[in-house]
1. Go through (1) touching a residue at least 40 places away in the same chain (Cβ under 8 Å); (2) more than 28 Å from Ile246 (Cβ to Cβ); (3) of a type in the set (S, T, N, Q) one by one and return the number of the condition Ser349 breaks.
2. Could you grab me the full set of residues in the range 373-410 that are part of a helix (DSSP H, G or I) and open to solvent by 30 Å² or more (accessible area, probe 1.4 Å)?
3. Kindly indicate whether His509 is open to solvent by 10 Å² or more (accessible area, probe 1.4 Å), at pLDDT 95 or above and assigned to a loop (DSSP other than H, G, I, E, B).
4. Across the range 50-79, which residue is modelled with the lowest pLDDT among those that are touching a strand residue (DSSP E or B) at 6+ places or on another chain (Cβ under 7 Å) and over 23 Å from Val414 (Cα atoms)?
5. Can you tell me which of Ser384, Ser327 is among the hydroxyl-bearing types (Ser, Thr, Tyr), at pLDDT below 95 and closer than 27 Å to Ala190 by Cβ?
6. Condition first: open to solvent by 50 Å² or more (accessible area, probe 1.4 Å) and not in a loop (DSSP other than H, G, I, E, B). Now tell me which residues in the range 418-438 satisfy that.
7. Return the only residue of Glu200, Glu188, Glu218 being in contact (Cβ under 8 Å) with a residue 40 or more places away in the chain, closer than 20 Å to Ile246 by Cβ and among the charged types (D, E, K, R).
8. Please specify each residue of the range 112-127 satisfying the condition of being over 15 Å from the mean Cα position of the chain (by Cα) and within 20 Å of Val221 (Cα to Cα).
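The values are calculated or read from the model by the stated rules, or taken from the named source; none is laboratory data. This is a predicted model, so every value here is computed, not measured. Every residue, glycine as well, gets a Cβ built from its backbone with ideal geometry; the counts of neighbours run over all protein chains shown. For the accessible areas, the whole protein counts, side chains as well, though only heavy atoms, and no ligand, DNA or RNA atoms are used. Shrake-Rupley method; radii C 1.70, N 1.55, O 1.52, S 1.80 Å.
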Amino acid sequence: MSELTTFIYGVLIFLIFVPVFQWWIKRARFARKIDKIPGPKAYPFIGTTYAFFGKKHHELFYVIDERTRKYPEIHRIWTGLRPEVRISKPEYVEAVIGASKHMEKSRGYDFLFEWLGEGLLTSKGERWFKHRKLITPTFHFNILDGFCDVFSEQGAIMAQRLDPYADTGKAVDIFPFVTKAALDIICETAMGVKVNAQKEGENAYVEAIYEMSELFVERTVKPWLQSDFVFKLTDYGRRHKKALEIVHGYTKKVIRDRKEALLKKDVRNGKSAANGNAGDDSFYGSKKRLAFLDLLIEGKQLTDDDIREEVDTFMFEGHDTTTAGMSWALFLLALDQGIQEQVYQEIDSIFAGSDRPATMKDFGEMKLLERCLKETLRLYPSVSFFGRKISEDITLGKYHIPAGTLMGIHAYHVHRDERFFPDPEKFDPDRFLPKNSENRHPFAYIPFSAGPRNCIGQKFAILEEKAIVSSVLRKFRVRASNTREDQKICQELITRPNEGIKLYLERRH
């Protein structure tokens, strides 16, 4: 080998080695800062994920719960070679999500990108700000008022579907009933289409959404699946591709059909106006109810892909979350017969024994029920965990956390801070009486997140939950077949009840 060749090889090795060495030094400094934060022992390559090895799907939540209780307020974990910091102290949560500094979601949300694209949940920067500003008016009071008949109609159908199980002495799993009611509501309000899930049974679109959610969880706890290249080679990747085709195909078809219907409506109204008529109201019905999709289309500021991403995001965020919230609420009321009776008396004072549909005014009068729903979301937040990426260095207590760190926020444990919620495991709706909540730390209760990126659909969710829960309680007294200790949680994207929620139903006379 000539001296020139030796020199060239030496230069190449130097050029390769120096950047790698610099990267290693930088990473080692980063790791030393992170490892000053308490947390479980980490091993090379697998980090702290060994805690999940051999665990069944429904056991994952309790691994995380035990770890978070062992390291209250703040701790660090390693998902393979990637460090994350987890917090459950309201003061720390406020420092992270209370301002507009740390707006970018954590890396785990990247696994949703193929599904949701750059919808409100996953987008960042100027795009997020623009879309948030455009979409916020679609949640105006007048728009939500138009959905009350949908809420009431689907609540009545659900009560009717449950009726054969009443007074049988056998418990029925209410979770699938609530799921289908929530699906019917979200499809009609978000997309303007009736899927009749409560009446017609299984739906390929729903099954695909469940599949996507399950695969997301698998990727978050299995480091070897976090590489897109590896993931796509596995059976998980093939299942993901198939489910994605179903979800996107359905949404695109709905958008295409809705745009054609809107165009025909505009043509009909143009002709009616030319003839001196008032126009065609049949497209929206007598109340001219607009679906969120219609509002996005008529705004004419978003592309079809933009609209698809926002509709997919709303379907994803507005279906499972409310299903879990309503199911847990019925469970907690079934355990506490005294509070359930008070809620029923409140409902009966509004409807006086009639079966008329509920109105926005009626929902506004359900004060105790609203407190019960809020307390349910404290004990069982539908999204018990969410994440952010730190955009600049931050100090939490005595720990310095460098920019770029992934930060996880445990809402489930934030809600159990005894400084703000004494006897935190007790179901006590009076915690949300004004006198008891007005001086509470603003980030001690975050079922809809908080700060600039709080959930845009929280008013929608509470209205829907009032509608479904009140529809059940108007017809039935409910009793639980499990205690809270026996009713396990299955941690997926949503805080689901493991093996459903079984209740005994008794008709009210």
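1. Of the numbered conditions (1) touching a residue at least 40 places away in the same chain (Cβ under 8 Å); (2) more than 28 Å from Ile246 (Cβ to Cβ); (3) of a type in the set (S, T, N, Q), the odd one out for Ser349 is (1).
2. Within the range 373-410, just Lys374 meets the criteria.
3. No; evaluated as a whole, the condition is false for this residue.
4. Here the answer is His57.
5. Sole residue among the options that is among the hydroxyl-bearing types (Ser, Thr, Tyr), at pLDDT below 95 and closer than 27 Å to Ala190 by Cβ: Ser384.
6. Passing the criteria: Asp430, Pro434, Lys435, Asn436.
7. Glu188
8. Restricting attention to the range 112-127, the residues satisfying the condition of being over 15 Å from the mean Cα position of the chain (by Cα) are 113-114, 117-118, 123-127.
Matches in the range 112-127: Phe113, Glu114.
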